[in-house]
Amino acid sequence: MTGLGEQILFWVLGPISVVAALGLLFAKKAVHAAICVALVMVNLGIFYLAEQAPFLGVIQIFVYTGAVMMLFLFVVMLIGVDSSDSLVETLRGQRWAALLLALGLAVLIFTAVGTVTFGPMQGLDDVNNGAGNVSTLASLIFGQYVWAFEITSALLITAAMGAMVLAHRERLGQRPGQRVWAERRVRSGRNVAGLPAPGVYARSNAVDTPALLPDGTPSELSVSRVLVAREQVTTPVPYITSAEDVEGEIEEGYER
Amino acid sequence: MSNATFALEALTGIPQHLAALAPATTDNPKADFSDTPWWLSLVKALLIFVYLLLSTLLVIWFERRVIGRMQQRPGPNRTGPFGLLQTLADGMKLMLKEDITPAAADRVVYSLAPLIAATMAFVSFAIIPIGPDVWMFGHHTPLQLTDLPVAVLLVLAVAGIGVYGIVLAGWSSGSTYPLVGGLRSSAQVISYEIAMGLALVAVFLYSGSMSTSQIVAAQSSLWYILPAFFSFVVYVITMVGETNRLPFDLAEGEGELTGGFHTEYSSMRFAMFYLAEYINMFTVSALATTMFLGGWQAPPGIAAINSGMFNHGWWGILWFTIKLWIFMWFFVWLRGSLPRVRYDQFMRLGWKFLIPVTLAWVVAVAFIRGAQLGYLGDSTVGLVGREFPVATLVIVGVIAALALGATWVWEGKQADKVARESAPPPERIDPYAGGYPVPPMPGQELVEPSPAISGSPTPVALKEDTRG
């Protein structure tokens, strides 16, 4: 029989896990979904601990929550602070097909699990109180199953290497350095001293404000291409007019 | 010998009949909690909480005073005797400040993050053995909240969850500096946790267990700082990286990130991060004490007095606290003397140096342990009246030779590098040799750029010589 403490633990953490798992499906922001998965994994680890498998439980938390989910979170955060899922369907009828398949899978799993019969509970007390949980596990992994273990690790390493090779892009040709750029500019004779810096005005100093050419027109070269593409460039007109106003006032003062 | 056993021996290289030579003991905790009722565990949890809070109050004052001394100034000395109450006053002020949530913040996660960081900091201390068995309220119980067969792994796992607090704080603040700080922190902790775990593996191999009470008991005759000296050095480096302290405080570097992940936090929520940082320092120091310095056991000389009277009962807390504070002093000393390292240098140190070198060290320790336990043959050789196992001598000799060879190669390379860098500049220099005018170094003689102007005979031939 399961103890009272274990039952309480299960009925407290079970619903939390289910809610967190549903949160993964329905969360709008990717980071929220990642937090939900991390919560599910911590709960799984605690369940393992309650099932007298301390090594498995702690490793579950250590590896999956501490490392794997953290890397997921890392990537999700890098992708964008506020990127939400787009709700536009790219394949027609994809959602209904997915729903049907999910229903089919659910029926399959529930019928399969429903027919399972459990034998009398053994518990791990004998094993845990003998040589100890970790030693027994170790003698199984490095004794009876050493080949399965080694082959799995070789497969995993191969997979990791393959992913790196596939994702790695070789650079074609030399990356132009500062010196090469300078030589190129001198040779072409255009913008020899580099591109003009963005505008510095009496009341503003920002990268999104273009500088003024000698004839008073704004220089398009002085602002970054990225800002132009995003249409985030401001006009220098207010700063010029305010400066002209001040000049006018000074002249008025002289005249008085 | 059956075929299957023979095949297994051939494949694994471990003779099956020798498996009986392995220590037949269990790897389960040594601490006996059978006489500990549930309310006593609650009392112990409360005591640990109070111990940690008081230590934090004290260590912040201690840090400011010691750093003050190192910088030729007194440090806080106005509030209370010797300024001892300064931290309390600062904490009160922090609590009464306005709690600001930025408009761009993700409100739920923003509040959740400091809670995760602060609570996870306290959890790890549950498995630290602070003292031996004592009588407490009529029960004979160890001075330790609980123990597991995998207690040390639990500390690493909890540290991994504690990072979520920092990462989520960075993300949920909705601004750039905290985000970069959070990203740096997650990368930093994940990479240094690998080296830290590998460093601890050597201790697991020596003690044959991952339970803290068992590890402390195994150090009764020899502290692991001696046989696992390299692990100790690596652990001390990684524990500084793991707690985001100078010189590895890249996640909150003021000069680069204006505070990093906690830039937007204020009041109580900021205080929680502050508390978590100091309690994490205590946790990693306590783990170092337990793993390498014999935990609560008295130092060798004192332990022998009066047939070990200082090694029993409540004395354990004293030795444990002294060792803990040696590490805290080391943290402060580091902060007072070292500048912050650059982020890429820090990552290179972790991935390209610490992890491979520690891996090699773990393999070496595995061989040494295997030889000690008799897996590699049990013949002995007599030397100066003592018996030494041959396998151990051979293994230690091989490792020493390898280490010596590696040092020799490395030193040769260093000498070449120094010779190359300290070579004197050429005596004559053509300032236009590379196409751009280059000023001469002190003591260098200028070659006139063109023979037509200077009339000197052959500067053209020198061009190639003076380049570079």
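The values are calculated or read from the model by the stated rules, or taken from the named source; none is laboratory data. Worth saying up front: this structure is predicted, and the values here are computed from it rather than measured. We place every Cβ from the backbone using ideal geometry, glycine too, and count neighbours over all the protein chains shown. Note: accessible area is taken over every heavy atom of the protein model, side chains too, but ligands, DNA and RNA are not part of it. Shrake-Rupley method; radii C 1.70, N 1.55, O 1.52, S 1.80 Å.
Go through B:Leu402, B:Leu85, B:Ser267 and say which Cα lies farthest out towards the positive end of the charge dipole of chain B; charges sit on Cβ, +1 for Lys and Arg, -1 for Asp and Glu.
Of the candidates, B:Leu85 comes out farthest on the positive side.
If you take the Cα Rg of segment B:181-291 and divide it by 2.2 N^0.38 Å, with N the number of residues, what do you get?
1.24
Which percent of Cα pairs goes in each bin when the distances of chain A are cut into 5 angstrom slices starting at zero?
Reading upward from the zero bin: 1, 4, 5, 7, 9, 10, 10, 8, 7, 6, 5, 5, 5, 5, 4, 3, 2, 1, 1, 0, 0, 0.
Give me the residues in segment A:32-49 whose solvent-accessible area, probe 1.4 Å, is reduced by at least 50 Å² once all protein chains are included instead of the chain isolated.
A:Ile35
Divide by every residue of chain B the summed helix terms, -39500 (n - 2.57) for each DSSP H run of at least 4, and state the resulting mean residue ellipticity at 222 nm, rounded to the nearest 500 deg cm²/dmol.
Calculated at 222 nm, the ellipticity per residue is -19000 deg cm²/dmol.
Binned at 5 Å from 0, what are the whole-percent values of the Cα-Cα distance distribution for segment B:294-409, short to long?
Values per bin, smallest distances first: 2, 9, 10, 9, 9, 13, 18, 15, 10, 4, 1.
What distance in nm separates the two pseudo spin-label positions at A:Ala21 and B:Trp329, each 7 Å out from Cα along the beta-carbon direction?
5.4
To the nearest 20 Debye, how big is the dipole of chain A about its Cα centre, given +1 on the beta carbon of each Lys and Arg and -1 on that of each Asp and Glu?
Computed charge dipole of chain A: roughly 1040 debye.
Modelling each spin label as a point 7 Å along the Cα-to-Cβ direction, I'd like the A:Thr158/A:Thr111 distance in nm, to one decimal.
Rounded to a tenth, the inter-label distance reads 3.7 nm.
Over the Cα atoms, compute the radius of gyration (one decimal) and Dmax (the largest Cα-Cα distance, rounded to a whole number) for segment A:196-255, in Å.
Over segment A:196-255's Cα set, Rg and Dmax evaluate to 13.5, 47 Å.
Pop the C-beta distance of A:Ala67 and A:Leu137 into the FRET formula with R0 = 22 Å and round what comes out to the nearest 0.05.
Here the calculated transfer efficiency is 0.65.
Kindly sort A:Thr117, B:Thr258, B:Thr101, A:Thr65 by accessible area of their heavy atoms, largest first, with the probe set to 1.4 Å.
Putting A:Thr117, B:Thr258, B:Thr101, A:Thr65 in descending order of accessible area: A:Thr117, B:Thr258, B:Thr101, A:Thr65.
Let's see if you can work this out: charge +1 on each Lys and Arg Cβ, -1 on each Asp and Glu Cβ, no other charges. What is the dipole magnitude of segment A:196-255 about its Cα centre, in debye to the nearest 20?
Charge dipole of segment A:196-255: 620 debye, to the nearest 20.
Going by a 1.4 Å probe on protein heavy atoms, which residues of segment B:130-171 end up with at least 30 Å² less accessible surface in the whole assembly than in their chain alone?
Relative to the lone chain, where solvent access is computed with a 1.4 Å probe, segment B:130-171 loses at least 30 Å² at B:Pro149, B:Val150, B:Leu153, B:Ala157, B:Ile161, B:Tyr164, B:Val167, B:Leu168, B:Trp171.
Can you pull out the buried accessible area for chains A and B, both sides counted, probe 1.4 Å, rounded to the nearest 100 Å²?
Summing both chains' loss of accessible area gives about 2900 Å².
Which is the longest stretch in chain B that no exposed loop site breaks, taking sites as GluC sites (Glu not before Pro) with a DSSP loop state and at most 13 other Cβ atoms within 10 Å? The partial results should precede the final answer.
Working: sites that count: B:Glu98, B:Glu427.
Of all site-free stretches, the longest is B:99-426.
Give the residue from A:Pro210, A:Ala138, A:Ile240 lying farthest towards the positive end of the charge dipole for segment A:122-256; charges sit on Cβ (+1 for Lys and Arg, -1 for Asp and Glu) and the dipole is referred to the Cα centre.
Of A:Pro210, A:Ala138, A:Ile240, it is A:Ala138.
When ligands, DNA and RNA are left out and all protein chains stay put, how many square angstrom of accessible area per residue does chain A have with a 1.4 Å probe?
Details: 19550 Å² over 256 residues.
Heavy-atom SASA per residue in chain A reads 76 Å².
Taking only protein heavy atoms into account and a 1.4 Å probe, give the accessible area per residue of segment B:26-340 in Å².
Per residue, segment B:26-340 has an accessible area of 40 Å².
Please get the size of the charge dipole for segment B:26-340, origin at its Cα centre, with Cβ charges of +1 on Lys and Arg and -1 on Asp and Glu, quoted in debye to the nearest 20. Display every interim value, and only then the final one.
Values: 16 positive and 18 negative charges, 159 e Å.
So the magnitude is around 760 debye.
If I compute solvent accessible area with a 1.4 Å probe over the protein chains, what percent of it on the protein assembly as shown is carbon and sulfur?
About 68 percent, which is the carbon plus sulfur part of the accessible surface.
Treat each spin label as a single point 7 Å out from the Cα along the C-beta direction, and report the B:Met441 to A:Ala193 distance in nm.
It is 3.3 nm.
Using only alpha carbon pairs under 8 Å that are at least six residues apart, calculate the relative contact order of segment B:112-201 and give it in whole percent.
This gives 28 percent for segment B:112-201.
Write down, largest first, the equivalent ellipsoid semi-axes of chain B in whole Å, where each equals the square root of 5 times an eigenvalue of the alpha-carbon gyration tensor.
Output for chain B: semi-axes of 48, 38, 22 Å.
Viscosity 1.002 mPa s, temperature 20 °C: Stokes-Einstein D of the protein assembly as shown from its Kirkwood Cα radius, in µm² per second?
Answer, rounded: 68 µm²/s.
Between 0 and 90 degrees, rounded to the nearest ten: what's the tilt of helix A:30-50 against the longest Cα principal axis of chain A?
For A:30-50 against chain A, the angle is about 20 degrees.
May I ask you to list, by number, the DSSP H helices of chain B whose Cα span along the axis is at least 27 Å and whose average Kyte-Doolittle hydropathy reaches -0.5 or more? Write down the numbers at each step before the final one.
Numbers: long enough: B:38-70 (47 Å, 1.40); B:151-172 (32 Å, 2.17); B:176-207 (46 Å, 1.08); B:267-292 (38 Å, 0.94); B:315-337 (34 Å, 1.17); B:390-422 (47 Å, 0.81).
What comes out of the filter, once short or polar helices are dropped, is B:38-70, B:151-172, B:176-207, B:267-292, B:315-337, B:390-422.
List the residues of segment B:80-106 that lose 20 Å² or more of accessible area once all protein chains are present, compared with their chain alone (1.4 Å probe, heavy atoms only, no ligands or nucleic acids).
When all protein chains are present, B:Asp106 each give up 20 Å² or more of accessible surface.
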